[in-house]
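Have a look at the structure below before the remarks.
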Amino acid sequence: MVFGTSSQSHGSPDETQPAAGNEDASRPLLEEVRIIGSGASKNAGGTKVWVCNHCSIQFTSSYTRMHTHFFGAQTGKKADIRRCSAMIKDREKLQRLLSKVKEADSP
Ligand SMILES: [Zn+2]
């Protein structure tokens with residue numbers, strides 16, 4: 001006769017991890033890069049060390065600069081990050097990414 005002595009349940013079926021906010025949803029560019037670390041900035045959530053998935057160049061910048069990397073600087077603003085060479089070459093890809101970002105921006 002086997003009478004189970006397994007009193008402890010083995011794990012839970014759905015491991016729900018505490019989500020760290022849903023800021024990724026509003027930052028579609030984070031899907032286009034790989035975050036590999038945080039910058040030396042004291043401002044948490046500010047500077048990130050990231051590698052572009054498209055041109056494979058590593059940068060240390062804020063999310064705003066990421067935007068500039070892909071789409072260029074806004075009119076009247078200085079681009080202080082190198083443009084993505086892959087996006088410059090592939091306008092179709094750039095347009096697709098741009099519409100994705102615009103979609104995420106709209107409420
Ligand atoms: Zn790039």
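Summary table
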{"quantity": "Under 12 Å, Cβ to Cβ, from Arg65 - net charge with Lys/Arg +1 and Asp/Glu -1", "calculated": "+4"}
{"quantity": "Mean Cβ count within 10 Å, highest first, over the residues of peptides 59-69, 84-94", "calculated": "59-69, 84-94"}
{"quantity": "Listed peptides 73-81, 49-57 by packing density, highest first (mean Cβ within 10 Å)", "calculated": "49-57, 73-81"}
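Read-outs throughout are calculated quantities, based only on the coordinates presented, and are distinct from any laboratory measurement. In this text the structure is predicted, and so the values were computed from the model without any measurement. Quick reminder, even Gly has a Cβ in these numbers, built from the backbone with ideal geometry, and neighbours come from all protein chains shown.
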